[in-house]
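Inspection log for the structure reproduced underneath, given as structure tokens.
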Amino acid sequence: SPLLHWMYVALMWKLFGKTLIVSHLALLPFLFGIAWEYYKLSKRFLPGNIIPYTMLLLLIEPTFITQCVLMGYDVPMLYFFLLALNSLLSEKGLTYIIAFVLLGLSSARGILMDVSLLLIHLFLSVCFSKKIFFKEIIRYIPAMIIIGGWAFYHYCRTGWFFINPAPYIISDRKIVPLSMMIRQCAYLFWYLFDFGRVFIWLFIFIGVCFLRHKQIIKTEMLILITIIACPLLVYIIFFSSLSNPVSHRYLLNLFLLSQILFCFIVYNFFTKKIKFIFVPIIIFLITGNFWLYGGGFSNGWDSSLKGLFYFAPRNQMIEFVKHEKINPHEIGTKFPLYHDL
């Protein structure tokens, strides 16, 4: 449960008033923080003249900008992840531990992101820095104690920690058979490629295969692939094992990391075609906000800007239900309406 996020918002309401504008302004520090950490991460792998392209991709990333508008708790989580990742790459131990702890305290998915950071640290230490990882693991002891203490306190107060026992939630937290695991994994990759991102990943795949064939793979690219592959592996193992529906926003950190890898490949190996490549990618990402699917497939209403058009019809429908004195419990509908009525 993102309890810390709601505690933070409640504090802002207490100090400045319970208004919509306060809720939006409360997230501004995290938005600026994401932009700064994303810029620093891009600058670590890219030269200055392509950074504007990378920042533009951030500003038009469908799920990111939608979560910014909706004030989702994924925004602080994304900031803590980027802060921790930059601190890990810069070997800023204290900052890394603070960001690691705050990420783990954010929600259950924050703990999964902590696990992915641990894997990233392991692979970078063993494969690139040639350090003994067991010496590095000591720094995680304070973080484990704090997160474990919070988990114990949460359990004592609520009777649960990782999986909410509420009837409408626990039904989606069951271990699924192998056939369903494969299906869940397919959904996860679909969300990874959705809203125009398929062309970014396709370009990355073709670029990596081409460069591997030419044997001109750079160390920086291998590091980028590592920091993308570790969270993806954790997500595949966890999300595909449970019946819980996967959402686009669960993969938000992968969307941003893939943009940096995409820009790295474009700059280093297709320098003369930068504009030719970026123009269609920008068009695909912008128009991706309005991709619609039928047949019961997820449209990611909280992960693309088409969700903004949801609220006016929703209010009209609620007024109609009230005017006609229809019992809301007799209405058949889908998420998110069944939570609102």
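Take the residues of the stretch 204-219 that are in contact with a helix residue (DSSP H, G or I) (Cβ under 6 Å, 6 or more places away or on another chain) and in a helix (DSSP H, G or I): which is modelled with the lowest pLDDT? Out of the qualifying residues, it is Gly207. Within the stretch 1-58, the set of residues being under 22 Å from Tyr96 (Cβ atoms) and of a type in the set (D, E, K, R) comprises Glu37, Lys40, Lys43, Arg44. Please state which one of Ala84, Ala35 is open to solvent by less than 30 Å² (accessible area, probe 1.4 Å) and within 15 Å of the chain's Cα centre (by Cα). One residue alone meets the criteria, Ala84.
Does the stretch 104-115 contain at least one residue that is over 25 Å from Ile286 (Cβ atoms), more than 15 Å from the chain's Cα centre (by Cα), touching a residue at least 40 places away in the same chain (Cβ under 8 Å) and buried (at least 20 other Cβ atoms within 10 Å of the Cβ)? The answer is yes, given that some residue of the stretch 104-115 is over 25 Å from Ile286 (Cβ atoms), more than 15 Å from the chain's Cα centre (by Cα), touching a residue at least 40 places away in the same chain (Cβ under 8 Å) and buried (at least 20 other Cβ atoms within 10 Å of the Cβ). Applying the criterion of being open to solvent by less than 10 Å² (accessible area, probe 1.4 Å) and of a type in the set (Phe, Trp, Tyr) to the residues of the stretch 259-271, the residue that is modelled with the lowest pLDDT is Phe264.
Restricting Tyr8, Tyr53 to residues that are open to solvent by 20 Å² or more (accessible area, probe 1.4 Å) and closer than 23 Å to Leu112 by Cβ narrows the list to Tyr8.
None of Leu222, Leu256, Leu242, Leu232 is at pLDDT 95 or above and open to solvent by 10 Å² or more (accessible area, probe 1.4 Å) except Leu232. Looking across the stretch 120-139 at every residue that is aromatic (Phe, Trp, Tyr) and modelled with pLDDT under 85, the one that is least open to solvent (accessible area, probe 1.4 Å) is identified as Phe133.
The values are calculated or read from the model by the stated rules, or taken from the named source; none is laboratory data. Keep in mind that what you see is a predicted model, and the values were worked out from it rather than measured. Using ideal geometry, Cβ is built from the backbone for each residue, glycine included, and neighbour counts are taken over all protein chains shown. Please note that ligands, DNA and RNA were not included when accessible areas were found on the heavy atoms of the full protein model with its side chains. Shrake-Rupley method; radii C 1.70, N 1.55, O 1.52, S 1.80 Å.
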